[in-house]
1. I'd like to check something: does segment 194-201 contain any residue that is assigned to a loop (DSSP other than H, G, I, E, B) and touching a helix residue (DSSP H, G or I) at 6+ places or on another chain (Cβ under 6 Å)?
2. Take the residues in segment 202-216 that are assigned to a loop (DSSP other than H, G, I, E, B) and of a type outside the set (G, A, S); name whichever of them is nearest to R147 (Cα to Cα).
3. Just a yes or no: is a residue in segment 193-202 surrounded by 15 or more Cβ atoms within 10 Å (Cβ to Cβ) and farther than 21 Å from L135 by Cα?
4. For segment 106-191, which helices (runs of 4 or more DSSP H) that fit wholly inside it have 3 or more residues that are acidic (D, E) and either closer than 27 Å to W6 by Cα or open to solvent by less than 30 Å² (accessible area, probe 1.4 Å) (or both)?
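The values are calculated or read from the model by the stated rules, or taken from the named source; none is laboratory data. Everything quoted here is computed from the prediction, not taken from an experiment. Please note: Cβ atoms are built from the backbone with ideal geometry, for glycine as well, and neighbour counts cover all protein chains shown. Note: areas computed on protein heavy atoms with side chains; ligands, DNA, RNA excluded. Shrake-Rupley method; radii C 1.70, N 1.55, O 1.52, S 1.80 Å.
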Amino acid sequence: MSTGRWLWVCLQRYVMIAALGWVAAALVLPVLGEDPFWASFGAGLGVGLVAVPLLTVVTVFVLVLLAGRRFEPPTGGPSRIRGGWLIVLPLVLLLPVALLVPLQYLIVLGAQLVYLVWVLPCQDARDTADVLGSLADPAVPAGQRARAVAGLRGRAVVEALVQASADAEPEVAEAGLETLCSIWRRDGVVGEGLLLKLDPQAQDRVRALGVRVRSPW
């Protein structure tokens, strides 16, 4: 899934979850208060017309920061995308609301957590985890492993690619090195620690790309 497509899917799902959460919070207001139902419910929805777009804008900003991590293997728990807990931070903007209507705030917080745990698209992360698992499985045919290596993306998998470049199967090793070269050519820089883990011929091939070698010190 492309970055633009991923962000669009995230936005659509978030607007739906945030709107449902706010409607649920607005429904609670008349139950707890003494005002007429429709007046209290309408007031809650009116606040939501301002709060939901504000939350959406800030949450999309967080999603943009997370977009580059969506290919990294899941970390487990609610933060399946590394740093996914940042999705909850936009609710800091609504802390004044929490002081006035704590129950409604908790409902909106619950909607945000539902989005993080069950709705945020994590298929790219799961696909990466499956690929990394197949690389360590010698029962997987070499051709399939080579194609899997070529499809890997994201900084978190570079270590696995370095290991794949030393695979006993030449097809897998070549695919791993070729993918590393593509990543480092795009970034224009390679960590010296990772470079030294390659065999001398592979190191020469990477240096021939003209990329800058970054010292760990």
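1. So the first thing to find is which residues in segment 194-201 are assigned to a loop (DSSP other than H, G, I, E, B), and the list is 196-199.
When the remaining residues are screened for being touching a helix residue (DSSP H, G or I) at 6+ places or on another chain (Cβ under 6 Å), the result is 197.
Yes, segment 194-201 has at least one match.
2. Within segment 202-216, the subset assigned to a loop (DSSP other than H, G, I, E, B) is 208-211, 215-216.
Within this subset, residues satisfying the condition of being of a type outside the set (G, A, S) are 209, 211, 216.
Values: L209: 23, V211: 25, P216: 31 Å.
The qualifying residue nearest to R147 (Cα to Cα) is L209.
3. Looking through segment 193-202, none of the residues is surrounded by 15 or more Cβ atoms within 10 Å (Cβ to Cβ) and farther than 21 Å from L135 by Cα.
4. Hits in segment 106-191: 123-135.
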